[in-house]
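The structure appears below as structure tokens.
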Amino acid sequence: MKLYLALILLFPLSGGLFNALLGRSLPRRVGEVIACGVIWGAFACSVLAFLQFTAPVRIEYASWLSDFDFKAPIALYLDQLSLSLILMITFVCALIHLHSVGYMKDDPSHARYFALLNIFVFAMLLLVLAENLPLLYLGWEGVGFCSYALIGFWYTEEKNATAGRKAFIVTRIGDTALGIAMVWMFNLFGTVSISELNGMGSLVPAGIITVLGILLLIGAAGKSAQLPLSVWLPDAMAGPTPVSAQIHAATMVTAGVYLLARMYPLIGASPVTQAVIAITGGVTAFYAATCACSQRDLKRILAYSTISQIGYMVLGVGAGALTASTFHLLTHAFFKSLLFLSAGCIITALHHQQDIFRMGGLRKQLPSVYWPFLAGALCLSGFPGSGGFFSKDAILGAVFDRGGPVYGPLYALGLLTALLTAFYTFRMLFVVFHGETSTPGIHQSMGKVTPVMTVTLIPLALIALFGGILNLPEYCGGRGFLSVFLGAQPGFAPISGTPSATEISLQIIAATVSLLGLGLAWSRYSGGRRAESLRREEAGLPLSGLLLNGWYLDRLYRVLFISPFAWVSRFLWKGIDETVIDGTLDGLARATMRLGELPASWSTGRVATSLVALAGGVAAVLGYMAWLLA
């Protein structure tokens, strides 16, 4: 096991360093084979670790940070949660790397791309396997750096570089909160070991646990793009589409959910923290779903859908349904990577056109993309029987079970969000693949999609559709695999069982809501109604501006933070620095220069003037000496 865990991290790290140092001087195909091969190697080691796994294991490799009573070694911790995630991360990222070979085949910066993509995987795996908070934080910041570099990968265009900077700056807010929580926890408990911290919640007052939980929630909100730190993710679509798939499905945005689930035995002791986490997730899920309903950019629709689905996971954590949240995290990784990679095929075929209003009728032109995309859409919308249906319903069922004045309304909000999700998902599907395009000649000028890009869609589609078998409801016969596998972990113990009749009723309601959303999308965007609906949307519908601009959160941030900061900066620059400081120094310099010019004005070149000055000087000296002797 020690060797497997080391190789899981060393494979992607070595691949990233290889491409960073040697990738540009070697044939392109060598760099691509190395980049893809190391991720598949990490996946193979993850499978071997799974086959050998019997109980949680802590493995220390070396000393890292050590000073007096502070110790943070390079130690990895493999348990059911981290094992589930490394299997998902390595498999999904391996397919994304393969897809990237086709997507980036004409890009001259392939070595930099694959180096960053490999290191991105390494950082996420380190985050998941870290046994202590400083090591987790190292992976946390590595994920942030790689996302910044990959979002702004095509940095020669200003908007891409700006999107990368925006992601970096906004997520730093959450990282600061996590750093404060980490230092505070060491000060309180004298340890940074995650497993030890999770057993110490009863040693301090509930109020401190609440504040710690909220700090960790802020950290998670930054990485997982939850309100109010969600504004960076829609703009993160500036990067290459496979990067978007990796960020949304397997790496960055799942880090926040993992952090909350990992630290839940500590922070879950506070009901206030649970409620705040649940409210944040529920409101974020609804907010992002409303925004997705009006977007025209294909990737921005998927971006808002990620924010919404991560909101469901956070809602599940707040309701104490950690297994359900992990279940949805896993199924979401498969169907969201499937949707993004399918979008990459569409964008490649249409020469980087991303406006869905300029698409249409692609079902016949791209059948190898349409059917996998349909599978992903069914899962995202929670269509009955799909993997997304079972995982999302598990979260909603747990929220319903909690009930009360907090969780009751959140369940209703979750159902409304599910309705909106089904609507915008099939709106996207019908507009892109059905009907007729409004752009003449677009089908005739379509580019070629390489087979390696479409082949990677097939396994993702199959796993996404049938992912529900990972954790089927109890009424299907016995407890689900994930419930049994994760149930032994602290905090993952199953909540009091829901009666089968109630669970079936809740699933019928969820299925009805999903089908209703599908029907609404069909009534607006199918057949002859499609063109009229698109024309009305282009003309502008009520609230379309609000939803297109993400409820104007960016504008609100500009008013509340950016504009005041810019005003203060301008005042300090113009009013203090230039006027007061520079003005004072420049004034002294001018005065000194003018004093120096006075004697210079006496230098006329005439002997008489010089004699008078000399006589005056001698007289002054004699007078001074006479005054001293007096």
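The values are calculated or read from the model by the stated rules, or taken from the named source; none is laboratory data. Please read these numbers as outputs of a predicted model, since none were measured by experiment. Virtual Cβ from ideal backbone geometry, glycine too; neighbours counted across all protein chains shown.
The table for this structure:
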| quantity | calculated |
| --- | --- |
| Residue satisfying all of: in segment 531-561; in contact with a helix residue (DSSP H, G or I) (Cβ under 6 Å, 6 or more places away or on another chain) and hydrophobic (A, V, I, L, M, F, W, C); farthest from Ala292 (Cα to Cα) among these | Leu534 |
| Hey, Ala511 under 30 Å from the mean Cα position of the chain (by Cα), surrounded by 13 or more Cβ atoms within 10 Å (Cβ to Cβ) and over 21 Å from Asp355 (Cβ atoms) or not | yes |
| Number of the exception - Phe426 against (1) modelled with pLDDT of 95 or more; (2) not in a helix (DSSP H, G or I) | (2) |
| Odd one out for Gly199 among (1) crowded, with 18+ Cβ neighbours inside 10 Å; (2) in contact (Cβ under 8 Å) with a residue 60 or more places away in the chain | (1) |
| Residue check for Thr191: hydroxyl-bearing (Ser, Thr, Tyr), within 16 Å of Pro265 (Cβ to Cβ) and modelled with pLDDT of 95 or more | no |
| Test set (1) within 24 Å of the chain's Cα centre (by Cα); (2) surrounded by fewer than 14 Cβ atoms within 10 Å (Cβ to Cβ) - Leu81 fails condition number | (2) |
| Segment 552-571 residues that are surrounded by 13 or more Cβ atoms within 10 Å (Cβ to Cβ), paired with ones that are assigned to a helix (DSSP H, G or I) (beta carbon under 7 Å, 6 or more apart) | Tyr552/Leu546 |
| Helices (runs of 4 or more DSSP H) within segment 197-304 that include 2 or more residues within 30 Å of Val431 (Cβ to Cβ) | 232-235, 241-245, 252-262, 271-292 |
| Residue in segment 480-493 that is out of contact with any Phe, Trp or Tyr (no Cβ under 9 Å at 6 or more places or on another chain), part of a helix (DSSP H, G or I) and within 30 Å of Ile347 (Cα to Cα) present | no |
| Contacts under 8 angstrom Cβ, first residue in segment 231-246 being closer than 17 Å to Leu553 by Cα, partner of a type in the set (S, T, N, Q) and buried (at least 24 other Cβ atoms within 10 Å of the Cβ), 6 or more apart | Trp232/Thr171; Leu233/Thr306; Ala236/Ser147; Ala236/Ser244 |
| Test: residue in segment 356-371 that is of a type in the set (Ser, Thr, Tyr) and within 29 Å of Leu410 (Cα to Cα) | no |
| Cβ pairs under 7 Å, 6+ apart, first in segment 48-70 and farther than 17 Å from Ile86 by Cβ, second of a type in the set (Gly, Ala, Ser) | Glu60/Ala75; Trp64/Ala72; Leu65/Ala72; Asp69/Gly190 |
| Only listed residue being within 11 Å of the chain's Cα centre (by Cα) and on the phi < 0 side of the Ramachandran plot, chosen from Ser202, Ser244 | Ser244 |
| Residues that are in a helix (DSSP H, G or I) and among the aliphatic types (A, V, I, L, M), drawn from segment 354-382 | Ile356, Leu362, Val369, Leu374, Ala375, Ala377, Leu378, Leu380 |
| Subset tally (residues that are β-branched (Val, Ile, Thr), under 15 Å from Leu9 (Cβ atoms) and exposed (fewer than 13 other Cβ atoms within 10 Å of the Cβ)) for segment 48-72 | 0 |
| Unique residue being small (Gly, Ala, Ser) and more than 26 Å from Thr90 (Cα to Cα) when the list is Gly239, Gly222, Gly190 | Gly190 |
| Residue match in segment 107-130 (condition: surrounded by fewer than 21 Cβ atoms within 10 Å (Cβ to Cβ), hydrophobic (A, V, I, L, M, F, W, C), outside any helix (DSSP H, G or I) and at pLDDT 95 or above) | no |
| Every pair of residues 6+ apart whose Cβ atoms lie under 6 Å, when the first sits in segment 9-30 and is more than 20 Å from Ala42 (Cβ to Cβ) while the second is of a type outside the set (A, V, I, L, M) | Arg28/His110 |
| Residue, modelled with the lowest pLDDT, within segment 28-76, restricted to residues that are over 18 Å from Val128 (Cα atoms) and of a type in the set (Ser, Thr, Tyr) | Ser66 |
| The listed residue being aliphatic (A, V, I, L, M) and part of a loop (DSSP other than H, G, I, E, B), out of Leu506, Leu541 | Leu541 |
| Residue match in segment 320-327 (condition: outside any helix (DSSP H, G or I), at pLDDT below 95 and farther than 30 Å from Pro542 by Cβ) | yes |
| Among (1) closer than 30 Å to Pro459 by Cα; (2) modelled with pLDDT under 95; (3) out of contact with any Cys (no Cβ under 7 Å at 6 or more places or on another chain) - the single one Gly404 does not satisfy | (1) |
| Odd one out for Ile504, checked against (1) crowded, with 16+ Cβ neighbours inside 10 Å; (2) at pLDDT 90 or above | (1) |
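One line per residue, one yes/no per condition, for (1) closer than 30 Å to Leu197 by Cβ; (2) surrounded by 24 or more Cβ atoms within 10 Å (Cβ to Cβ); (3) in contact with a Gly (Cβ under 8 Å, 6 or more places away or on another chain):
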{"residue": "His99", "(1), (2), (3)": "no, yes, yes"}
{"residue": "Tyr137", "(1), (2), (3)": "yes, no, yes"}
{"residue": "Gly144", "(1), (2), (3)": "yes, no, no"}
{"residue": "Ile151", "(1), (2), (3)": "no, yes, yes"}
{"residue": "Asn160", "(1), (2), (3)": "no, no, yes"}
{"residue": "Lys166", "(1), (2), (3)": "no, no, no"}
{"residue": "Val170", "(1), (2), (3)": "yes, no, yes"}
